[in-house]
Amino acid sequence: MTNAGIWEQNTPYSKLMITVRIVLISTMAFTLLSLFVSSLAFHVSITDLQDVVLQPDNPLSLSVLKIIQTITSLGSFVIPPFILAYLFSQNAGGYLYLKKGVSAQSALLIILLMLAAVPLINFLADLNSKMTLPSFLASLESWMKEKEAAAADITKKFLEIKSVPELIFNLGMIALIPALGEELLFRGIVQRIFSEWTKNSHAGIWISSALFSAMHMQFYGFLPRMLLGVFLGYTLVWSGSLWLPIVAHFFNNASAVIAIYLYNSGNISIDPDKIGTEESATGYLAVSAVIFFALLYLLHKKLMTHESDTGHFHD
């Protein structure tokens, strides 16, 4: 006797609550596992690990943080969707949209789309970073800035790499695991739940994308990250395959990691985070937008004509 699909008939609200619980339980379990692994790897007691992490000058600090980040991300994003899909369906792979592949042409189109979007993403991020709140929300704004600064600091440390092996590890930690895990959880599970709840795939896309962006706790990058989530959500609806947003997500993160590595090592002179934010960028921002939307039209036309299988969604 199997328990597959045991909660298939539950309401979307019930499924959302189950999702939250399983993600929290898995995150806590894998966080404990990451501490145990770090303790064994660096011969430091678990009780002393906090002191190591909080000492930025300690050579072990960054390595411990990377192990904790990697293992915890697996527990937070990669593992729960498979458990949830098993509980919500008798066909877990189909539930997560993993059984349908995508063509090489579609994969190439979405990579070109991500390249064309770089100036636009940076422009929106720069615009978002200048956000100010009314004076009566000063305490909230202060908290948001603290969170943003802490996230930026840890990201900067993670990206300060000096060797190819470190680059490869970062590609796994920052590109591969998030591309798989965040797409499985937010597009594969959360977007489906809200699409079923609202009986509208568009609402499912926008709600899950807002949650996807908020989860990062980087409020001054909320807008571009949410719009990226919206784009990834629509590629799933159009293609019926989670592999396409996974490819896009991986390429977006991996290209950023590689570009920053090349910039920090002096191999390229252009700061990849500044592309599209200069005062003189209006012209190529316009070109970038034209190319992006032209490619988006081609991708949509191709997927809807040849590859679309969106029977799981409700319009």
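The values are calculated or read from the model by the stated rules, or taken from the named source; none is laboratory data. Predicted, not measured: the structure shown is a model, and the values here were computed from it. Reconstructed Cβ throughout: ideal geometry from the backbone, glycine too, with neighbour counts over all protein chains shown. Calculation scope for accessible area: heavy atoms of the full protein, side chains included, ligands and nucleic acids excluded. Shrake-Rupley method; radii C 1.70, N 1.55, O 1.52, S 1.80 Å.
Tell me the helices (runs of 4 or more DSSP H) entirely within region 206-315 that contain at least 3 residues that are touching a residue at least 60 places away in the same chain (Cβ under 8 Å) and of a type in the set (S, T, N, Q). Break it down into steps so the answer makes sense when it comes.
Values: elements: 222-239, 243-264, 282-302.
Qualifying helices (runs of 4 or more DSSP H): 243-264.
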### Query
Quick one: is Val44 at pLDDT below 95 and among the β-branched types (Val, Ile, Thr)?
yes
### Query
What helices (runs of 4 or more DSSP H), lying completely within region 129-203, carry at least 3 residues that are open to solvent by less than 80 Å² (accessible area, probe 1.4 Å) and acidic (Asp, Glu)?
138-159
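Kindly evaluate Val23 against the criterion of being of a type in the set (A, V, I, L, M, F, W, C) and farther than 19 Å from Phe77 by Cα.
Values: of a type in the set (A, V, I, L, M, F, W, C): yes; farther than 19 Å from Phe77 by Cα: no.
Against the criterion (of a type in the set (A, V, I, L, M, F, W, C) and farther than 19 Å from Phe77 by Cα), Val23 does not qualify.
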### Message
Step by step: first the residues of region 253-297, then only those that are among the hydrophobic types (A, V, I, L, M, F, W, C) and loosely packed, with under 15 Cβ neighbours inside 10 Å, then the one that is farthest from Ala117 (Cα to Cα). Which residue is that?
### Response
Ile268
#### Entry: Residue under evaluation Gln90, criteria (1) of a type in the set (S, T, N, Q); (2) in contact (Cβ under 8 Å) with a residue 60 or more places away in the chain; (3) in a helix (DSSP H, G or I), criterion not met
(3)
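Among the residues of region 224-246, what is the count of those that are among the hydroxyl-bearing types (Ser, Thr, Tyr), surrounded by fewer than 24 Cβ atoms within 10 Å (Cβ to Cβ) and closer than 12 Å to Tyr97 by Cα?
Going through region 224-246, the residues among the hydroxyl-bearing types (Ser, Thr, Tyr) turn out to be 234-235, 239, 241.
Remaining after also requiring surrounded by fewer than 24 Cβ atoms within 10 Å (Cβ to Cβ): 234, 241.
Okay, now just the ones that are also closer than 12 Å to Tyr97 by Cα, so 241.
Counting residues in region 224-246 that are among the hydroxyl-bearing types (Ser, Thr, Tyr), surrounded by fewer than 24 Cβ atoms within 10 Å (Cβ to Cβ) and closer than 12 Å to Tyr97 by Cα gives 1.
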### Task
Taking the residues in region 259-308 that are modelled with pLDDT of 90 or more and charged (D, E, K, R) as candidates, determine which candidate is farthest from Ala107 (Cα to Cα).
Lys301
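Please go through region 28-45 and pick out each residue that is open to solvent by less than 80 Å² (accessible area, probe 1.4 Å), assigned to a helix (DSSP H, G or I) and of a type outside the set (S, T, N, Q). Write out each step before concluding.
Our first condition is that a residue be open to solvent by less than 80 Å² (accessible area, probe 1.4 Å); within region 28-45, this holds for 29-31, 33-35, 37-39, 41-42, 44-45.
Checking which are assigned to a helix (DSSP H, G or I) leaves us with 29-31, 33-35, 37-39, 41-42.
Hits for region 28-45 are Ala29, Phe30, Leu33, Leu35, Val37, Ala41, Phe42.
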### Query
How many residues are more than 13 Å from Leu35 (Cβ to Cβ) and open to solvent by 40 Å² or more (accessible area, probe 1.4 Å) if we restrict to region 59-85?
8
### Query
Restricting the search to region 2-27, which residues are at negative phi and outside any helix (DSSP H, G or I)?
Thr2, Asn3, Ala4, Ile6, Trp7, Glu8, Gln9, Asn10, Thr11
### Summary
Inside region 86-108, the number of residues satisfying the requirement of being in contact with a Leu (Cβ under 8 Å, 6 or more places away or on another chain) and surrounded by fewer than 22 Cβ atoms within 10 Å (Cβ to Cβ) is 3
### Query
Of the numbered conditions (1) at pLDDT below 95; (2) within 25 Å of Lys199 (Cβ to Cβ); (3) of a type outside the set (Lys, Arg), Leu16 satisfies every one except a single condition; which is it?
(1)
### Summary
Sole miss for Asp48 among (1) assigned to a helix (DSSP H, G or I); (2) closer than 21 Å to Arg187 by Cα; (3) of a type in the set (D, E, K, R) is condition (2)
